[in-house]
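Participant: A single structure is presented below for examination.
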Amino acid sequence: MSTIELRQVEKKFGDLHAVKPLDLTIQDGEFIVLLGPSGCGKTTTLRMISGLETVSGGTIWLNGRNVTWLHPSARDIAFVFQFYALYPHLTVWRNIAFPLQAQGESRETVDKRVTEVAQLLRIEHLLGAHPGQLSGGDQQRVALARALVRRPAAFLMDEPLGALDADFRESMRSEIKRLHVLQHATTVYVTHDQIEAMAMGDRIVVMSEAAIQQIGTPSDVYNDPSNLFVARFIGSPGMNLVPGKYADRVVQMAGLDNRYAVPQGWHTALNKGLDGGSDIVVGFRPEAAQINDRGSLVGKVYASEMQGSSAVLHLTINENEIIHIRTDRLIPYPIDTLIHFDINPQMVRFFNPKTEAAIKPEVAQ
Amino acid sequence: MSHVELQHITKNFPGVTALEDVSFDVKDGEFFVLLGPTGAGKTTTLRAIAGLEHQDAGSILFDGELMDNVTPSDRDVALVFQQYSLYPTMSVFDNLAFPLRSPLRRTSVEEIRKKVEETAEILHISHLLKRKTAHLSGGEMQRVSIGRAIVRSPRVFLMDEPLSNLDAKLREALRVELQHLQKTQGSTTLFVTHDQIEALTMADRIGVLNEGKLIQVGTPEDIYDRPSTTFIAQLVGSPRINLYNAQQQDGTITICDSDIHMPAPKDGKLPADFQVGLRPEDVDLDPNGIFSGQLVLAEPLGVETILHIQSNKCTLLSIVPGISTYHLGDLLKFNIAYEHIHYFGLNGDRFKS
Amino acid sequence: MASFEETGPRTPVVEPTRVDKVHPRAKLGKSFRVILTLIVTFIMIIPVLVMIMTAFKSRADIVTPPPKVLFHPTLEGFLYLFTDRSLFSPSNLEAARANPGNLDYWQKLALSVGQKINGPSDYVGRLKNSVIIAGTSTILSVILGLFAAYAFSRFKIAGKDDLLFFILSTRMLPGVVVTIPLFLLYKQLGWNDTHIGMIILYTVFNLSFSVWLLKGFIDEIPIEYEEAALVDGYTRLQAFFKIVLPQAVNGIAATTVFCLIFAWNEYAFALMLTSQKARTAPPSIATMLGSGGLEWSAIAAGSLGFLIPVAIVTFVLRDYLLRGVTFGAVRK
Ligand SMILES: Nc1ncnc2c1ncn2[C@@H]1O[C@H](COP(=O)(O)OP(=O)(O)OP(=O)(O)O)[C@@H](O)[C@H]1O
Ligand SMILES: Nc1ncnc2c1ncn2[C@@H]1O[C@H](COP(=O)(O)OP(=O)(O)OP(=O)(O)O)[C@@H](O)[C@H]1O
Ligand SMILES: [Mg+2]
Ligand SMILES: [Mg+2]
């Protein structure tokens, strides 16, 4: 249906650089998620794509056409807001039909398309109701239906689930994703919830401080974060990041005399990546830790959390650092127990604390 | 610290019964979580214990001592609210010192300083003491309000969704700190939340409240593994439990009119129509599995992937570790861990087994 | 899926017309708005400018048509305002002018228009009355209003809505309608032309306003703060002083200014109910008589002097007011 390309697009609000020049190419039918903490410029980027906000620099291309200065209504894009923005005085049917009627479609076409989209979203039984009578989830379905019914070239969604309860979010999340699987409409989706981003995105654009930190598939950003920010932000809990000193193929971590022997295949990369310095950050996911009585690393239990089917142990390895490791939930660990563990050598990552960037291994792992 | 006991508490507001015959107790040094959806009566319970609301029937006891006619200031409880808990016109130090300066306590200036500094130390907010609260971040504010509660060792801590306005990362971090603090200080704590993960992760015991009624009390394992109703089964656990209508005939169970059949448990006596609950982790992918279905959606969360499997009319959620490499449309074989199936009646109540 | 390399924008495309090129137009719009604001402000401020100029004009300059914009400033108006004078007889005038040695500035000024100063005018006393009456009634209505508003906001009171409506209804009649009954009532009580009478009148009149305004502000202070204080071991009164009061300062400041402005400027009641002892400044300024009809420079000087105290109070409280007068709309 359509491709979207941003070239050196940026936005300034007076002195505030809300979005620094960024490049992004979105393929036809792709589901792209803009992910980042509050205030990082996600909404602003989305609004620039839609034309609701003008750019301060750069160009926006839609399907090979420069639309940088085109009016929002001429861009053939649908926008779904966080707050559903339904017209309270119209029935659900008329709310959904509204964009079609605005385009002057014939009565039959409107009828047919509204019925189709209502079936798709399973809201046929609600067509006669007014928005005020619906639950939050149903209202959001209606808002989605109103966007879908137009069959636009692309969808832009700004935290459409942000106002819903947690359990609703989970089911709406998979509904939206299934809709995308069925329709394959190019979609740009904004959220600050990394779980939502992972679950939904074909690719994720991680933003922070008005700039893109990494663009990649869920597996890329989870397994191979490009820098410390992405490593910390993705995952719940995020990646464990332990500072230390690297020398002689061993990382000496601060605190409980933890000496970590770097696995084979990393040494040249580390020597190069650290630029001759010795400060290093060792990163590993909570599930990469393997509890083992003869493990080379040790931590003291700080707290333990039963999370349903699994559990997370929080260990202190010195005064400032708490690390998280995933365990079998059936074993209780009292506070201050010493836990020995190893790190799965396939799943360890290294970062240069000065540049905050990830160090690339010598050979593709 | 104290043992708190609620006996048959009922509270009516015009037009609603906020609490109906609620009884439970929080043991000395226990971390008790009240879990329930919005409007369940969680806040009302806390307010009744604090004395800010007076129950219409029933009694509240601290260490066996009747509290019904004791004023809020004399109950010696500490309350942490979801928001609005810091006095905006005071500095962080003054906020922490406020409970100590109460005429009931008459703490000396020297002692106030010492206690405030100790508390700030525990919560890592020593560097903020001179700041005005308006200039703090959300996480710092919530730390200070927790500080204001622990600064004076009350008989019981009451916390009303103190983490719900924070972003996900902060919530995770504070959850851990709060739990550590409670375990190391041994304080009696009643924590209210609508977030099941907070309840599971922090609680010694959980009480599930819905529409003013207490429907189950138990350890996180009890609640997760033996939910007493379908409501609770769906409330806890993420991804959500698979719940199906089921029929039984001659010792064979059929779920959601599909060709998923399984043997009925030998000991239980199941009626013809009932419901089964199946946790996603109990749907095990297995190349030699006896059931099969098509992958219709995959949600990679990082540590695990949620797979939506369509088998006839049945959609089952399953989880697999890591980021799965299956493609949509793949035919997947799986087994079901029969011994972990939950059986509920059509009215939603769990069958005793 | 097609990629940009195949179909993308690198093939020449026709630039669409720029329907929404905002920057230049937005800038133009902004400067236009600024200019418009300046013009409107200027028009609004003309009467004040004229008043200020008139206050410093000599009697002759005031009446020359067309009005002079450039003139020799003089303090004649203030002389007329603050002093009681009499005319010199022609012979005395000669003598005085011949020997001005030990006269001060004001006496010399009076001499230049052929008058001599007998003492301070009534106006000084009336200004003092204004300060006493407006100040006291403002303080009273804010304090009483604050307690009433707190009670209305926080407690269950039987017939609360009716009571609030009743309080508001006292403001529904125009002032003139009640002046005659009030006059008769005050005559019976012996309160005509007394400070206490005027203070009570203004206080009652302002009270409805201050209760409503302050209730709005207190409603906005979350009750959780007080409940936290109760649980922390404080009584309700202590919680009121330590928690509510500091947070209500914006509202209190706004209410104070509004009450003060009303009491300070009030004209109709003062004209009817006071004559000498408790007469306030507004009615006396308007009736400032000189030797030849109304003394315009004195009236202007009086108005100017009269304006200054309220201007100062407003200025001192401006930080609170800015947030206060929006009636809480922009408070966090
Ligand atoms: N119209 C505006 N005028 C001035 N500053 C703005 C405007 N819109 C946004 N900003 C600023 O630009 C920055 C980026 O804002 P944006 O709304 O894009 O953030 P976001 O990533 O969507 O955050 P959130 O998750 O909180 O919605 C913020 O610092 C914001 O305050
Ligand atoms: N002061 C009150 N007056 C009238 N009804 C009230 C009052 N306080 C609570 N209720 C009602 O009592 C019921 C329980 O409210 P409560 O605040 O205890 O719920 P909750 O479990 O804390 O919900 P939430 O998760 O939304 O905070 C609700 O139906 C609510 O509307
Ligand atoms: Mg946003
Ligand atoms: Mg509540």
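The values are calculated or read from the model by the stated rules, or taken from the named source; none is laboratory data. In this text the structure is predicted, and so the values were computed from the model without any measurement. Neighbour counts run over all protein chains shown; Cβ positions are idealised from the backbone, glycine included. With ligands, DNA and RNA removed, areas are computed over all heavy atoms of the protein, side chains included. Shrake-Rupley method; radii C 1.70, N 1.55, O 1.52, S 1.80 Å.
Participant: Filter the helices (runs of 4 or more DSSP H) completely within region B:32-135 down to those with at least 2 residues that are within 30 Å of B:PHE13 (Cα to Cα) and away from ligand 1 (no atom under 16 Å from the Cβ).
Facilitator: In region B:32-135, B:42-50, B:72-75 are the helices (runs of 4 or more DSSP H) which contain 2 or more residues that are within 30 Å of B:PHE13 (Cα to Cα) and away from ligand 1 (no atom under 16 Å from the Cβ).
Participant: When only residues in region B:1-27 that are over 10 Å from B:PHE62 (Cα atoms) and among the hydroxyl-bearing types (Ser, Thr, Tyr) count, which is most open to solvent (accessible area, probe 1.4 Å)?
Facilitator: Restricting to residues being over 10 Å from B:PHE62 (Cα atoms) and among the hydroxyl-bearing types (Ser, Thr, Tyr), the top hit is B:THR17.
Participant: Return a yes/no flag: does region B:80-92 have any residue that is more than 16 Å from ligand 4 (Cβ to nearest atom), under 18 Å from B:ARG148 (Cα atoms), among the small types (Gly, Ala, Ser) and open to solvent by 10 Å² or more (accessible area, probe 1.4 Å).
Facilitator: yes
Participant: I'd like to know if region A:326-341 contains one or more residues that are within 27 Å of the chain's Cα centre (by Cα), in contact (Cβ under 8 Å) with a residue 60 or more places away in the chain and more than 22 Å from A:TYR246 (Cβ to Cβ).
Facilitator: Within region A:326-341, not a single residue is within 27 Å of the chain's Cα centre (by Cα), in contact (Cβ under 8 Å) with a residue 60 or more places away in the chain and more than 22 Å from A:TYR246 (Cβ to Cβ).
Participant: Which numbered condition in (1) within 16 Å of ligand 2 (Cβ to nearest atom); (2) surrounded by fewer than 16 Cβ atoms within 10 Å (Cβ to Cβ); (3) of a type outside the set (Lys, Arg) is the only one that B:LEU46 fails?
Facilitator: That leaves (2) as the condition not met.
Participant: Let me ask another. Take A:GLU305 and decide whether it is closer than 26 Å to B:VAL236 by Cα, out of contact with any His (no Cβ under 6 Å at 6 or more places or on another chain) and not in a strand (DSSP E or B).
Facilitator: no
The rows are residues; the columns are (1) among the hydrophobic types (A, V, I, L, M, F, W, C); (2) more than 31 Å from the chain's Cα centre (by Cα); (3) open to solvent by 30 Å² or more (accessible area, probe 1.4 Å).
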{"residue": "A:ASP193", "(1), (2), (3)": "no, no, yes"}
{"residue": "A:ASP220", "(1), (2), (3)": "no, no, yes"}
{"residue": "A:GLY235", "(1), (2), (3)": "no, no, no"}
{"residue": "A:GLN264", "(1), (2), (3)": "no, yes, yes"}
{"residue": "A:LEU270", "(1), (2), (3)": "yes, no, no"}
{"residue": "A:GLU287", "(1), (2), (3)": "no, no, yes"}
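Participant: Which residue out of C:PHE147, C:PHE183, C:PHE152, C:PHE165 is of a type outside the set (A, V, I, L, M), open to solvent by less than 50 Å² (accessible area, probe 1.4 Å) and in a helix (DSSP H, G or I)?
Facilitator: Among C:PHE147, C:PHE183, C:PHE152, C:PHE165, only C:PHE152 is of a type outside the set (A, V, I, L, M), open to solvent by less than 50 Å² (accessible area, probe 1.4 Å) and in a helix (DSSP H, G or I).
Participant: Here is a further query. For region A:156-179, name all the residues that are open to solvent by less than 10 Å² (accessible area, probe 1.4 Å) and either more than 16 Å from ligand 1 (Cβ to nearest atom) or of a type in the set (Ser, Thr, Tyr) (or both).
Facilitator: A:MET172, A:ILE176
Participant: Take residues that are among the aliphatic types (A, V, I, L, M) and either free of Cβ contacts under 8 Å to residues at least 24 places away in the same chain or in contact with a Ser or Thr (Cβ under 7 Å, 6 or more places away or on another chain) (or both) and tell me which of the helices (runs of 4 or more DSSP H) falling wholly in region A:183-272 contain 2 or more.
Facilitator: So the answer is A:194-200.
Participant: Quick check, is A:ARG151 more than 14 Å from chain B (Cβ to nearest Cβ), without any contact (Cβ under 8 Å) to a residue 40 or more places away in the chain and open to solvent by 40 Å² or more (accessible area, probe 1.4 Å)?
Facilitator: Judged against the criteria, A:ARG151 is a match.
Participant: Right, next: What's the number of the only condition in (1) within 13 Å of the chain's Cα centre (by Cα); (2) within 11 Å of chain A (Cβ to nearest Cβ); (3) not hydroxyl-bearing (Ser, Thr, Tyr) that B:LEU190 fails to meet?
Facilitator: Of everything listed in (1) within 13 Å of the chain's Cα centre (by Cα); (2) within 11 Å of chain A (Cβ to nearest Cβ); (3) not hydroxyl-bearing (Ser, Thr, Tyr), B:LEU190 misses just condition (2).
Participant: Additional query: Which condition number in (1) in contact with a helix residue (DSSP H, G or I) (Cβ under 7 Å, 6 or more places away or on another chain); (2) on the phi > 0 side of the Ramachandran plot; (3) of a type outside the set (Gly, Ala, Ser) is the one that B:HIS340 fails?
Facilitator: If we test B:HIS340 against (1) in contact with a helix residue (DSSP H, G or I) (Cβ under 7 Å, 6 or more places away or on another chain); (2) on the phi > 0 side of the Ramachandran plot; (3) of a type outside the set (Gly, Ala, Ser), just (2) comes out false.
Participant: Name the pairs whose Cβ atoms lie under 8 Å apart, with the first residue in region C:222-235 and more than 7 Å from chain B (Cβ to nearest Cβ) and in contact (Cβ under 8 Å) with a residue 12 or more places away in the chain, the second open to solvent by 20 Å² or more (accessible area, probe 1.4 Å) and charged (D, E, K, R), and 6 or more positions between them or separate chains?
Facilitator: C:ILE223/C:ARG154; C:GLU226/C:ARG154; C:GLU226/C:ARG236; C:ALA229/C:LYS242
Participant: So which residues in region B:138-165 are part of a loop (DSSP other than H, G, I, E, B) and either among the hydroxyl-bearing types (Ser, Thr, Tyr) or within 16 Å of ligand 4 (Cβ to nearest atom) (or both)?
Facilitator: Hits for region B:138-165 are B:SER153, B:GLU161, B:PRO162, B:LEU163, B:SER164, B:ASN165.
Participant: Working carefully through the options C:ALA253, C:ALA278, C:ALA268, find the one that is in contact with a Gly (Cβ under 8 Å, 6 or more places away or on another chain) and surrounded by fewer than 16 Cβ atoms within 10 Å (Cβ to Cβ). Full working, then the answer.
Facilitator: Details: C:ALA253 fails: surrounded by fewer than 16 Cβ atoms within 10 Å (Cβ to Cβ); C:ALA278 fails: surrounded by fewer than 16 Cβ atoms within 10 Å (Cβ to Cβ).
None of the others qualify; the one that does is C:ALA268.
Participant: I'd like to know if region A:120-128 contains one or more residues that are farther than 16 Å from A:MET172 by Cβ, open to solvent by 30 Å² or more (accessible area, probe 1.4 Å) and in a helix (DSSP H, G or I).
Facilitator: yes
Participant: Please identify the pairs in which a residue from region B:68-97 that is facing chain C (nearest Cβ under 10 Å) and free of Cβ contacts under 8 Å to residues at least 60 places away in the same chain has its Cβ atom under 8 Å from the Cβ atom of a residue that is open to solvent by 40 Å² or more (accessible area, probe 1.4 Å) and part of a strand (DSSP E or B), counting only partners at least 6 apart or on another chain.
Facilitator: Cβ pairs passing all conditions: B:PRO88/B:LYS132; B:MET90/B:LYS132.
Participant: What are the residues in region A:317-333 that are open to solvent by 50 Å² or more (accessible area, probe 1.4 Å), under 19 Å from B:ALA203 (Cβ atoms) and touching a helix residue (DSSP H, G or I) at 6+ places or on another chain (Cβ under 9 Å), if any?
Facilitator: A:LEU330
Participant: Among B:GLU161, B:GLU198, B:GLU172, which is within 14 Å of chain A (Cβ to nearest Cβ), open to solvent by less than 10 Å² (accessible area, probe 1.4 Å), charged (D, E, K, R) and more than 16 Å from ligand 1 (Cβ to nearest atom)?
Facilitator: Going through B:GLU161, B:GLU198, B:GLU172 in turn, the sole match is B:GLU198.
Participant: Here is a follow-up. Filter region B:201-229 down to residues that are in a loop (DSSP other than H, G, I, E, B) and open to solvent by less than 30 Å² (accessible area, probe 1.4 Å) and give me whichever is nearest to B:ILE146 (Cα to Cα).
Facilitator: B:ALA203
Participant: Another one. Of the conditions (1) buried (at least 20 other Cβ atoms within 10 Å of the Cβ); (2) within 14 Å of chain A (Cβ to nearest Cβ); (3) within 16 Å of ligand 2 (Cβ to nearest atom), B:PHE31 clears all except one; give me its number.
Facilitator: Evaluating B:PHE31 over (1) buried (at least 20 other Cβ atoms within 10 Å of the Cβ); (2) within 14 Å of chain A (Cβ to nearest Cβ); (3) within 16 Å of ligand 2 (Cβ to nearest atom) leaves (3) as the failure.
Participant: Would you check which residues across region B:102-131 are touching a residue at least 40 places away in the same chain (Cβ under 8 Å) and away from every other protein chain (no Cβ under 12 Å) and list them?
Facilitator: Residues of region B:102-131 that are touching a residue at least 40 places away in the same chain (Cβ under 8 Å), as a first pass: B:105, B:122-123, B:131.
Correct list: B:ILE122, B:LEU123, B:ARG131.
Participant: For a quick check of your reading of the model, give me the residue pairs whose first member lies in region C:75-87 and is at pLDDT 80 or above, whose second is open to solvent by less than 10 Å² (accessible area, probe 1.4 Å) and part of a strand (DSSP E or B), with beta-carbon atoms closer than 8 Å and at least 6 apart or on different chains.
Facilitator: Close Cβ pairs (under 8 Å, with a partner that is open to solvent by less than 10 Å² (accessible area, probe 1.4 Å) and part of a strand (DSSP E or B)) do not exist here.
Participant: Ok, one more. Would you please name the residue that is nearest to B:GLN196 (Cα to Cα), looking only at residues in region B:132-152 that are free of Cβ contacts under 8 Å to residues at least 24 places away in the same chain and exposed (fewer than 15 other Cβ atoms within 10 Å of the Cβ)? Quick ask: steps written out before the conclusion?
Facilitator: Here is the first cut: in region B:132-152, the residues free of Cβ contacts under 8 Å to residues at least 24 places away in the same chain are B:135, B:137, B:140.
Then drop every residue that is not exposed (fewer than 15 other Cβ atoms within 10 Å of the Cβ), which leaves B:135, B:137.
On the way: B:HIS135: 31, B:SER137: 25 Å.
This residue is B:SER137.
Participant: In region B:144-195, how many residues are among the acidic types (Asp, Glu) and within 16 Å of ligand 3 (Cβ to nearest atom)?
Facilitator: The initial filter retains those residues of region B:144-195 that are among the acidic types (Asp, Glu), namely B:160-161, B:167, B:172, B:177, B:195.
Still in the list and also within 16 Å of ligand 3 (Cβ to nearest atom): B:167.
Going through region B:144-195 one residue at a time, the tally reaches 1.
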